[in-house]
1. Suppose each label sits 7 Å from its Cα in the direction of the beta carbon; what would the Ala336-Glu12 distance come out to in nanometres?
2. So which residue, out of Met69, Met119, Met291, gets the largest mean-square fluctuation from a GNM of the chain using Cα contacts under 10 Å as springs?
3. Considering the chain as a Gaussian network with a 10 Å cut-off on Cα pairs, which listed residue, Gly11, Gly58, Gly304, attains the greatest mean-square fluctuation?
4. Which of Pro19, Pro170, Pro323 ends up with the largest GNM mean-square fluctuation for the chain, with Cα atoms connected below 10 Å?
5. What size of dipole, in debye to the nearest 20, comes out for the chain about its Cα centre when the only charges are +1 on Lys and Arg C-beta atoms and -1 on Asp and Glu C-beta atoms?
6. Any of Lys143/Lys241; Lys143/Lys328; Lys68/Lys143; Lys68/Lys316 with alpha carbons more than 24 Å apart? Name them for me.
7. If one takes the longest principal axis of the Cα atoms in the chain, at what angle in degrees, from 0 to 90 and to the nearest 10, does the Cα axis of helix 311-320 lie?
8. May I ask for the angle, rounded to the nearest 10°, between helix 287-302 and the longest principal axis of the chain, with both axes built from Cα atoms and the value confined to 0 to 90°?
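Read-outs throughout are calculated quantities, based only on the coordinates presented, and are distinct from any laboratory measurement. From a predicted model like this one, the values you see are computed outputs, not experimental measurements. Here the Cβ positions follow ideal geometry from the backbone for every residue, glycine too, while neighbour counts run over all protein chains shown.
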Amino acid sequence: MHLDDLVSSSGEWLKGSGPESDIVISSRIRLARNLADFPFISCTTEGDRAEIEKIVHGRITALQEAGKMSSDTLYINVGELEDVDRQFLVERQLISRELADGEGARSAVIDPAECFSVMVNEEDHLRFQVMQSGLDLTSAWEKINGLDDLIEEQLTYAFSDKLGYLTACPTNVGTGVRVSVMLHLPALVITRQIEKVFKSLQKINLAVRGLYGEGSQAMGDFYQVSNQITLGLTEEELTKKVADVVPVLIDYERQAREFLVRESQETLHDRVSRAFGILRTAQTISSEETMHLLSSVRMGINLGLISDLEIPTINKLFVHTQPAHLQKLSGVELDAADRNIERATYLRRHLNGGEPNDPSQN
């Protein structure tokens, strides 16, 4: 399997098949680990990073040869990728911006179904992540725990009997676990309740981030909710803390949607219809506007205001209309203006089904 094989596909986490998937896009658990024989990344030399990458690559290859990891698992040298390929993996949520923009030896191990990935030489020597569709933190934890055990058979982690797993960032010391859930919360944004909800989350030490994690802005009304600290709590306790809060957020969003349907149905219907109309007819459109309009359409589908369109299609469009995906799909490098035209063409093709009123079909 090659990187380009991922271009036209959609990962399992995007298929909208998991529990509460009308609101919860995905559940993700990440583990930070470091090798005992090397300093943290911020203190390593280029030679250290190259040696870490070489060791991890060798251990992954050994696991594949032993049949403990799929032979289709991709091992990608991120440092050798073109800019568009690195951005493609960021848009796909398979690597972080920090890994993409980093320097020196760094790589990624990617599951063909995109259920897990491992980043090598990011902020820590190793960053594992597992993603599940919908609200399914239990399955995500079981999978990442198994992956962690598998890798730990091959490597010796930096560990303290007093503190637990040692990590580059103090907030990750202990379990090294970051439990996060990506939610689609358009109704809370429309009703202007979103800030109040987030302030409540901060009081119980839960962080709220944008679509691409730390430092990113919310796009398309997507938000990631995760634990802020790991020290002093077990992996199960951290998972439960996030899992207990998410149903409350789901309930708030559903109440907000019910309010919009009950109190301003015409306005809501107009908002959804306009969004759908623009996406089906636009000749040029930016990534930001696309995300905003797709958010309204996604909510409209879940509220029964749009028929003949499925959530997995919209989930795919959120990702495939991003800049790097458009360039990979078209096979050519595009500047911003050309991307906006290509994006509009792609949306018309996928939302009109080849109807005569689709300019791209004429």
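1. 3.9
2. So, out of Met69, Met119, Met291, the one fluctuating most is Met69.
3. Evaluated over the chain, the most mobile residue of the options is Gly304.
4. Checking each option, the largest mean-square fluctuation is seen for Pro170.
5. 1060
6. Violating the 24 Å Cα-Cα cut-off are Lys143/Lys328; Lys68/Lys316.
7. 70
8. The helix 287-302 is inclined about 70 degrees to the chain.
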